[in-house]
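Encoded as structure tokens, the structure appears first; notes follow it.
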Amino acid sequence: MGICLSAQIKAESPCYTGVNSKFASTEGNDLSSSNSKVSSISVAPSSRSEGEILQSTNVKSFSFADIKMATRNFRPDSVLGEGGFGSVFKGWIDEHSFTAAKPGMGMVIAVKRLNPESFQGHREWLAEVNYLGQLYHPHLVKLIGYCLEDEHRLLVYEFMPRGSLENHLFRRGSYFQPLSWNLRLKVALGAAKGLAFLHSAETKVIYRDFKTSNILLDSNYNAKLSDFGLAKDGPTGDKSHVSTRVMGTYGYAAPEYLATGHLTAKSDVYSFGVVLLEMLSGRRAVDKNRPSGEHNLVEWAKPCLASKRKIFRILDTRLEGQYSLDVAHKAANLAFRCLSTEGKFRPRMDDVVKELEQLQDSKEKGIAPRNPNSGPKPRRHSADDASNGNATLAYPRPSASPLYSK
Ligand SMILES: Nc1ncnc2c1ncn2[C@@H]1O[C@H](COP(=O)(O)OP(=O)(O)OP(=O)(O)O)[C@@H](O)[C@H]1O
Ligand SMILES: [Mg+2]
């Protein structure tokens, strides 16, 4: 259902399959795999064959039968979510042998299964194995393995018990209580650290698909980035950008990238600004259910972001009493700068990390919220909690696709 609905805001494209509209290059760096570190030695994209990519990853190659058993034959009630690539299922494996385990035993996994009708999904699948199979960082989701067998393309990840930030911000229901101000800051900082790592000199990767559904949360609300199907190696040498077909999700893509296809790390910074604004306002980047003039969050909110007097007009009313004016103003100002029309005026992600850390510090130094215990009540998570979203989903979900400037 998520896919059909999200198609409503997808760009019309001759290449759009109606099932999986993402496109990703198989291009990648030859990345080494020390902890959180990667080699900066680039291998020309064309020199990396599929075989080389699969051989060089440090993840397990699963048989289809193994995954089928681990997910109890892809039981519908174990669906964690759905995206442009296909469905994501909950499963269990033995943590030592990595063979299927009984539900509740061993290690919990999330299995993404490529929709068999998808034509473009293979490239995206390979890009994901290429990047996540070699990049390690506390704020990137762990890829445990993959399955490539006949027409089957699957990805096996660590299970993220609290699902996506999108669910927490926008779904209504007993499980998804509004995220508190403090947790929003924590999630923003975690996601910023993940992006800063990707942009760092030794990694130099542009993520290209930064949005709330790709920010997953562990049991302590540590944010981890998932979905590297659109990721790209950043420019090398004295090049200022990489030229790409314009791909992404409406509402998140930077204006200059939309207009020219020129991709830089600053395109990700813009998307970060959009997500930060979604967190501050509790509104979706694009929401056609809102009154006209409020469909596009950035257009609607930007004029209020830089003004201490006006920011209350756009802050999520569910956060009232939880933040100090000073900290809220600084956070809004940070979002404002990330959303600068020109990339050169946007901060770098490592500066964003520093600013968010300072906001957390100032919060801890006694600019106390009125209600410090206002986080959501912890509750046991079950696959049903996450998968019931189809019933509670109130809005067509944004999904990545080819984008055309309007
Ligand atoms: N490792 C994981 N642990 C727990 N839930 C997950 C995991 N990976 C994905 N999910 C859930 O499955 C949903 C679908 O993920 P998926 O990446 O396929 O699509 P999407 O990000 O929603 O959209 P798009 O296809 O545009 O990226 C996520 O929003 C999340 O709720
Ligand atoms: Mg995703």
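Please report, in whole Å, how far the alpha carbons of region 36-158 spread along each principal axis, starting with the longest.
Answer, in whole Å and largest first: 42, 32, 24 Å.
Find the relative contact order for region 165-364 and round it to a whole percent, using C-alpha pairs within less than 8 Å whose residues are 6+ positions apart.
22 percent
At H295 and K354, where each label point lies 7 Å from the Cα along Cα→Cβ, what is the point-to-point distance in nanometres?
A separation of 4.0 nm, rounded to one decimal place.
Starting from the exponent 0.38 and prefactor 2.2 Å, build the expected Rg for region 294-352 from its residue count and divide its actual Cα Rg by it.
Relative to the rule-of-thumb radius for its length, region 294-352 sits at 1.16.
Could you work out the mean projected area of the convex hull around the alpha carbons of region 229-273, in square nanometres to one decimal?
For the Cα atoms of region 229-273, the hull's average projected area reads 3.1 nm².
Any of K68/K232; K232/K266; K330/K354; K112/K354 with alpha carbons more than 22 Å apart? Name them for me.
K68/K232; K112/K354
The numbers here are math on the coordinates, done by the rules we state, and not lab data. Here the structure is a predicted model, which is why all the values come from computation and not from measurement. Note: ideal-geometry Cβ built from the backbone for every residue, glycine included; neighbour counts use all protein chains shown.
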